[in-house]
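Asks: Take a look at the following structure, please.
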Amino acid sequence: MFRVDHCGWDSPAGSNLADPEEPPTERPGYISEREPVWIDTGELYMLDPMVTDFGAPKADRALRPETVEQNALWQHLCTTRRTGQQPSPMLAAPADIERFLDSMADAPACLNPNERQRAFIRAVDRAVVPLQGPPGTGKTSGATAPALLSRAYARTQHDESFVGVVVAPSHEAVDAVLESVVDLLDEWRSDMGGLPALRLVRALPTEPPAAARRPGGPTPRPHTST
């Protein structure tokens, strides 16, 4: 048995917070009053320390009262929660997404996404689409990589440009997405061709300039590799 040491969770069934509407930075530290989590013998429970050690401080800073009003994602989620609907950005034409999925199914070298992965790939009418699952279930190679390439494919069908940006808490996660996109693109091109002008760029971090070089001097731009 242990108690969850997080800012709080929310679900259709309720919340573990006394006042879910209270800003996170103003919530009192009453961890000892929260309901305990029970794990029985034989059950599997996955702990991800990165969520607390890395992500939570950034989330707390972004959700401070003085900054939360300018947080576009927070405002979007609040609107969705209040109205029960997401604004419809329509990032790509659904028919073109279907054509890309069909081309993947016809390409012997390509992985054929399952129905849940296809549902994620087809979700072009929502700005925020959750994707959850344990390691090895195809979130990257079966869902994220096809979703990115399908949107690039759909936009090029109408001579429109496409820019997709992938961010993650670690370089390893970004590299995994890049590798999956490269593999899928190679497999798809070998059978179908297409997307000849698509460029994949990996931005790599650089160390900040020494203090003596900063005044009046340009800050080095991040390295990129293609």
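Asks: Quick check on my filter: what residues within the range 161-185 are exposed (fewer than 11 other Cβ atoms within 10 Å of the Cβ) and either in contact with an Asp or Glu (Cβ under 7 Å, 6 or more places away or on another chain) or not hydroxyl-bearing (Ser, Thr, Tyr) (or both)? Full working, then the answer.
Replies: Pass one, the range 161-185, residues exposed (fewer than 11 other Cβ atoms within 10 Å of the Cβ): 161, 163, 165, 167, 170, 172.
Once the filter is applied, which keeps residues that are exposed (fewer than 11 other Cβ atoms within 10 Å of the Cβ) and either in contact with an Asp or Glu (Cβ under 7 Å, 6 or more places away or on another chain) or not hydroxyl-bearing (Ser, Thr, Tyr) (or both), the range 161-185 yields Val163, Val165, Val167, Glu172.
Asks: Also, I was wondering about something else. Let me confirm something: among Thr80, Thr137, which residue is surrounded by 10 or more Cβ atoms within 10 Å (Cβ to Cβ), among the hydroxyl-bearing types (Ser, Thr, Tyr) and part of a helix (DSSP H, G or I)?
Replies: So the residue among Thr80, Thr137 that is surrounded by 10 or more Cβ atoms within 10 Å (Cβ to Cβ), among the hydroxyl-bearing types (Ser, Thr, Tyr) and part of a helix (DSSP H, G or I) is Thr80.
Asks: Oh, and also: When both residues are 6+ apart or on different chains and their Cβ atoms are under 9 Å apart, which pairs have a first residue that lies in the range 61-86 and is free of Cβ contacts under 8 Å to residues at least 24 places away in the same chain, and a second that is of a type in the set (A, V, I, L, M) and not in a loop (DSSP other than H, G, I, E, B)?
Replies: These pairs meet every condition: Ala62/Val68; Ala62/Leu73; Asn71/Ala62; Trp74/Ala62; Trp74/Val68; Gln75/Val68.
Asks: Taking the range 93-128 as the region of interest, how many residues are farther than 23 Å from Glu160 by Cα and among the aliphatic types (A, V, I, L, M)?
Replies: Final tally of qualifying residues: 5.
Asks: On to the next question. Looking at the range 110-137, I want the residues that are touching a residue at least 12 places away in the same chain (Cβ under 8 Å) and have a partner that is part of a loop (DSSP other than H, G, I, E, B) and of a type in the set (D, E, K, R) with Cβ atoms under 6 Å, at least 6 apart or on another chain. Which pairs are those?
Replies: These pairs meet every condition: Leu131/Lys139.
Asks: Might you check whether a residue that is in the same structural domain as Ala176 (by TED's automatic domain parsing), modelled with pLDDT under 90 and buried (at least 17 other Cβ atoms within 10 Å of the Cβ) occurs anywhere in the range 107-114?
Replies: Yes.
Asks: Residue check, Arg126 against (1) assigned to a loop (DSSP other than H, G, I, E, B); (2) within 16 Å of the chain's Cα centre (by Cα); (3) exposed (fewer than 12 other Cβ atoms within 10 Å of the Cβ), all met but one. Which one?
Replies: Of the numbered conditions (1) assigned to a loop (DSSP other than H, G, I, E, B); (2) within 16 Å of the chain's Cα centre (by Cα); (3) exposed (fewer than 12 other Cβ atoms within 10 Å of the Cβ), the odd one out for Arg126 is (3).
The values are calculated or read from the model by the stated rules, or taken from the named source; none is laboratory data. Quick caveat: nothing in here was measured; it's all calculated off a predicted structure. All Cβ positions, even for glycine, are placed from backbone atoms using ideal geometry, and neighbour counts span all protein chains on display.
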